[in-house]
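*Asks:* Mind having a look at this structure? Questions to follow.
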Amino acid sequence: MTFKALVTDKSADGKLSSQVQALEDEQLPEGEVLVDIDWAGFNYKDGLCLKGAGGLVRNFPHVAGIDFAGRVRASDDERYNPGQEVVLTGWRVGEHHWGGFSQRARVKAGWLVPLPKGLSGREAMIVGTAGLTAMLAIDRLERAGLTPTSGEILVTGAGGGVGSIAVAMLAKLGYSVTALSGRAELSEALRAFGANAILDRAAFMEEADKPLEAARWAGVVDAVGGAVLGKLLRQVKYGGAVAAIGNAAGIESQHQCVALHPAGGGTIGHRQRHATL
Ligand SMILES: NC(=O)c1ccc[n+]([C@@H]2O[C@H](COP(=O)([O-])OP(=O)(O)OC[C@H]3O[C@@H](n4cnc5c(N)ncnc54)[C@H](OP(=O)(O)O)[C@@H]3O)[C@@H](O)[C@H]2O)c1
């Protein structure tokens, strides 16, 4: 039986194009579990893969799609049975291994997760990999001791995929959230997501720099990195925590931070103030 997939190929002159094609199971890459895909998210990385940017895809033809939800069609692994609902995100699927922009995928059993109870495949893909990233960030902040009574939480890149879901999740969990965004036109939407206050990115960056600024943030979900991360680190409250999950603005100031705090990854002493990054 054939199925349809969005196949991306590279022409002799190096240009990429994608077309819906009929494929057969034999054409799928190796793996223990064959999945009928119901839903796939559309992530920034998918755009890179479809356009050939960032060197993420090395072999063509290719099927992009970094996450998907579906039902097991056949399995050589005892953990999965036909009909079982599953989700996949990560493992370089959609980059090195054919991914979710297809009606069918064959993947390693260890890459799959049973669909959690109470969540439909569609909902899982609406939350998507960006939402999972936001969840992991919030989980890390809470494991660092953050609670809704700790104080104001800053979310940067709030208009983006990770940031917008982080705003909504934090608000739902009872946190007071300030959304930092460069797009004033999103203010209303961010308030509807639950943001308590909106901070204009340009105005934030124009505030005069001081080595140690007034402590404002009990916690931060930072999707932006770069100079924004460099600035906000000086404003984190004593005992606060920063979950830095991205570098949409670049990496220069992060290098500076690493240089300041060579231990990396663990507890970071920022001058006299102690924050966990
Ligand atoms: N999406 C994922 O699944 C995922 C997973 C792990 C890590 N990440 C990383 O997290 C970061 C954000 O991912 P995303 O999917 O949320 O991307 P996104 O949807 O493109 O959002 C990024 C946001 O960052 C802000 N931004 C963009 N360029 C900026 C600049 N030059 N200076 C300051 N702010 C800037 C913008 O916020 P405003 O619109 O509010 O202005 C933009 O919406 C990326 O570095 C990505 O690699 C993403």
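The values are calculated or read from the model by the stated rules, or taken from the named source; none is laboratory data. The structure displayed is predicted, hence computed values, not measured ones. Cβ coordinates were reconstructed from backbone atoms using ideal geometry, including for glycine residues, and neighbour counts include every protein chain displayed. Note: areas computed on protein heavy atoms with side chains; ligands, DNA, RNA excluded. Shrake-Rupley method; radii C 1.70, N 1.55, O 1.52, S 1.80 Å.
*Asks:* Measuring from label point to label point, each 7 Å out along Cα→Cβ, what is the E188 to D209 span in nm?
*Replies:* Distance between label points: 3.7 nm.
*Asks:* To continue, here is another question. Hey, got a sec? Which GluC sites (Glu not before Pro) in region 67-143 land in a DSSP loop and have at most 12 other Cβ atoms within 10 Å?
*Replies:* E78
*Asks:* Moving on to the next point. Starting from the Cα of A12, step 7 Å along the direction of its Cβ; do the same at D200; then give the gap between the two resulting points in nm.
*Replies:* 5.5 nm
*Asks:* What percentage of the solvent-accessible surface of the chain, computed with a 1.4 Å probe over protein heavy atoms, is contributed by carbon and sulfur atoms?
*Replies:* Of all accessible area on the chain, carbon and sulfur atoms account for 53 percent.
*Asks:* Counting other C-beta atoms within 10 Å, and keeping those with at most 11, which DSSP coil GluC sites (Glu not before Pro) do you find in region 1-73?
*Replies:* Loop-located and lightly packed - E30.
*Asks:* Further, regarding this structure: Sort 54-60, 240-246 by the packing proxy (mean of other Cβ within 10 Å over each peptide's residues), most packed first.
*Replies:* My ranking of the peptides, most packed first, is 240-246, 54-60.
*Asks:* Can you pull the three principal axis extents for the Cα set of the chain, in Å, largest first?
*Replies:* 64, 47, 40
*Asks:* Could I ask something else about it? Roughly what angle does helix 161-172 make with the longest principal axis of the chain, taking Cα atoms, 0 to 90 degrees, to the nearest 10?
*Replies:* 60 degrees
*Asks:* Here's a follow-up. Could you tell me how many degrees, from 0 to 90 and to the nearest 10, lie between the Cα long axis of helix 121-143 and the main elongation axis, the longest principal axis, of the Cα atoms of the chain?
*Replies:* 40 degrees
*Asks:* Using a 1.4 Å probe and counting only protein heavy atoms, arrange D36, D200, D46 so the residue with the most accessible area comes first.
*Replies:* Sorted by accessible area, descending: D200, D36, D46.
*Asks:* If you take the beta carbon distance between Y238 and V113 as r and set R0 to 51 Å, what does 1/(1 + (r/R0)^6) give as a FRET efficiency, to the nearest 0.05?
*Replies:* After rounding to 0.05, the efficiency reads 0.85.
*Asks:* What pairs from K51/K108; K4/K108; K108/K172 go past 31 Å between their alpha carbons?
*Replies:* Result: K108/K172 exceed 31 Å.
*Asks:* Taking the solvent-accessible surface of protein heavy atoms with a 1.4 Å probe, what is the per residue accessible area of the chain in Å²?
*Replies:* 52 Å²
*Asks:* Quote the FRET efficiency, to the nearest 0.05, computed for E152 versus W91 with a Förster distance R0 of 35 Å and r equal to the Cβ-Cβ distance.
*Replies:* Computed FRET efficiency for E152 and W91: 0.45.
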